[in-house]
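Please treat every number below as a calculation from the coordinates, not as lab data. Predicted, not measured: the structure shown is a model, and the values here were computed from it. All Cβ positions, glycine included, derive from the backbone under ideal geometry; neighbour counts span all protein chains shown.
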């Protein structure tokens with residue numbers, strides 16, 4: 001969408017920077033500007049701190065830690081440890097999750113902002129013109145704006161879904177009791193993590209994904225392995241499936257879906273919607289001459305929008321919707337607002353982690369992306385079962401995969417291993433700085449560690 005509305009800049013300007021949204025996409029730049037003695041305000045209509053500490057990364061990973069602990073205890077007898085009958089106290093798990101959220105200190109965010117000299121404005125923001133923002137009827141002006149309004153759940157137009165009822169990931173965090181049967185719509189990271197969590201605690205889970213495999217944006221063997229692991233744990237995986245309708249029957253819900261030309265029906269207690277996200281752009285962007293579309297706000301590599309003094313960062317820009325990319329973009333935006341020396345975003349090595357068991361992590365390009373561009377490349381893979389840590393841990397499911405160009409420069413990588421989220425950064429560093437795999441191979445790796453699989457895999461890449 002293109003908007004060209006002429007406005008005159010007000011003579012009185014309240015702030016140097018107004019940040020809309022206090023998640024990672026907004027908070028980083030706000031504190032940066034305040035540290036330079038700029039007049040800064042943040043606007044938030046929900047909880048300060050945004051999605052990650054309140055509804056996303058922190059509470060979900062706290063629940064997944066509980067699931068991992070439960071699984072570890074159940075597997076303890078393999079190591080000669082007898083623990084007896086293990087029981088689940090779901091209300092206590094929820095309390096632990098709430099404590100983990102509290103430990104982030106977000107409930108003190110208002111005090112922290114004010115201590116740094118940042119004004120906190122509560123309410124829904126709406127642009128009146130490129131320099132004026134209305135928040136619940138009160139006007140605020142600024143020389144620069146940073147939009148970090150994030151996303152909300154995308155609700156697909158499935159007949160009967162709204163009438164029958166469903167939960168999103170936020171509601172899934174606060175269930176008073178676990179359902180006996182759950183249908184998850186969406187096989188991306190969120191859907192897979194909640195599938196792992198609920199199935200670990202004995203919930204019968206069905207997960208449906210429209211694409212040919214789970215985690216469809218990653219390399220094929222990643223999604224295929226996760227599907228196999230889920231099915232081994234009793235999860236019903238329905239890839240290449242399309243949900244047709246939902247019907248309510250008493251306290252239960254009947255989900256009808258099409259898979260490979262056949263219609264199937266499943267009766268469940270609850271439906272978890274994880275079909276993607278939609279950007280929060282209903283803030284009067286037309287009045288600010290800011291271009292956007294259904295994917296989000298359009299930004300340059302400097303995080304500037306079509307209006308040079310208005311920036312955007314985080315999920316609202318589309319692309320990689322991770323906390324770490326949001327904070328990275330916020331840093332780029334903050335630097336460019338504060339300095340004439342321009343900084344540019346570079347996404348060649350963004351780490352992507354799915355916190356199931358074992359963890360799945362990737363960085364850089366995939367084979368499919370290189371094939372689509374007609375690029376030549378080489379790959380090497382290494383099962384984690386060959387290394388010493390696998391033997392001592394009794395965990396042998398997973399692999400390391402490295403994609404490199406013909407000269408051996410690392411372009412992409414995938415890891416499935418118990419600590420893949422930690423391991424991937426070595427390869428992300430190599431991708432970011434265009435290093436050859438031989439640099440990893442000839443770096444001493446401690447024994448016995450999971451990262452030895454990375455070194456051995458790197459040794460199989462031909463570095464000319």
Discussion item. If you fit an axis through the alpha-carbon atoms of helix 24-35 and take the longest principal axis of the Cα set of the chain, what angle between them do you get, 0 to 90°, nearest 10?
Written reply: 50
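Count the DSSP beta bridges whose two residues both fall in segment 161-275, then state the antiparallel fraction as a percent rounded to the nearest 5.
Values: 15 of 29 bridges.
Bridges in segment 161-275 are about 50 percent antiparallel.
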Worksheet item: Taking 0.36 nm per intervening residue step and subtracting the Cα-Cα distance, what contour gain separates residue 76 from residue 264 on full extension?
Response: 63.8 nm
Worksheet item: FRET efficiency for residue 419 and residue 89, Cβ-Cβ distance as r, R0 = 22 Å, nearest 0.05?
Response: 0.20
Item to complete: Indicate the gyration tensor shape class of segment 161-275 (rounded, prolate or oblate), computed on the Cα atoms with a ≥ b ≥ c the square roots of the eigenvalues: a/c under 1.5 is rounded; otherwise a/b larger than b/c is prolate and the rest oblate.
Response: oblate
Worksheet item: Roughly what would the spin-label model give for residue 175 and residue 96, points 7 Å off Cα along C-beta, in nm?
Response: 1.7
Discussion item. I'd like the FRET efficiency for residue 248 and residue 152, computed as 1/(1 + (r/R0)^6) with the beta carbon distance as r and R0 of 22 Å, rounded to 0.05.
Written reply: 0.40
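Please arrange 444, 402, 121, 190 by counting, for each residue, the other beta carbons lying within 10 Å of its beta carbon, fewest first. Display every interim value, and only then the final one.
Details: 444 6, 402 27, 121 19, 190 24.
The order, fewest Cβ neighbours first, is 444, 121, 190, 402.
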Practice prompt. Give me the percent of DSSP beta bridges within segment 33-136 that run antiparallel, rounded to the nearest 5.
Written response: 45
Fill in: Helix 90-103 axis, angle to the chain major axis (alpha carbon atoms, nearest 10°)
40
Worksheet entry | Of all DSSP beta bridges in the chain, antiparallel share, percent nearest 5 | 60
Practice prompt. Take the alpha carbon gyration tensor of segment 195-246, find the square roots of its eigenvalues, order them as a ≥ b ≥ c, and report rounded if a/c is under 1.5; if not, report prolate when a/b exceeds b/c, else oblate.
Written response: oblate
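Return 68, 51 ranked ascending by Cβ neighbour count within 10 Å, so the fewest neighbours appear first. Present the calculation step by step, with values, prior to reporting the outcome.
Numbers: 68 18, 51 26.
Fewest-to-most ranking of 68, 51: 68, 51.
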Worksheet item: In which sequence would 460, 138 go, from the one with the fewest C-beta neighbours within 10 Å to the one with the most?
Response: 138, 460
Fill in: Identified option (computed semi-axes √(5λ) of the Cα gyration tensor in Å; candidates [x] 38, 30, 22; [y] 36, 24, 21; [z] 39, 23, 22)
[x]
Item to complete: For the chain, find the longest principal axis of its Cα atoms and tell me its angle to the long axis of helix 189-200, 0 to 90°, nearest 10.
Response: 40
Worksheet item: Can you give the translational diffusion coefficient of segment 352-459 in µm²/s, computed by Stokes-Einstein from the Kirkwood radius over Cα pairs at 37 °C and 0.692 mPa s?
Response: 240
Worksheet item: Expressed as a whole number of Å, what is the distance separating the alpha-carbon centroids of segment 425-461 and segment 239-280?
Response: 42
Item to complete: Specify the inter-centroid distance of segment 175-193 and segment 366-395, based on alpha-carbon positions, in whole Å.
Response: 29
Fill in: segment 88-233 - percent relative contact order, Cα under 8 Å, separation 6 or more
15
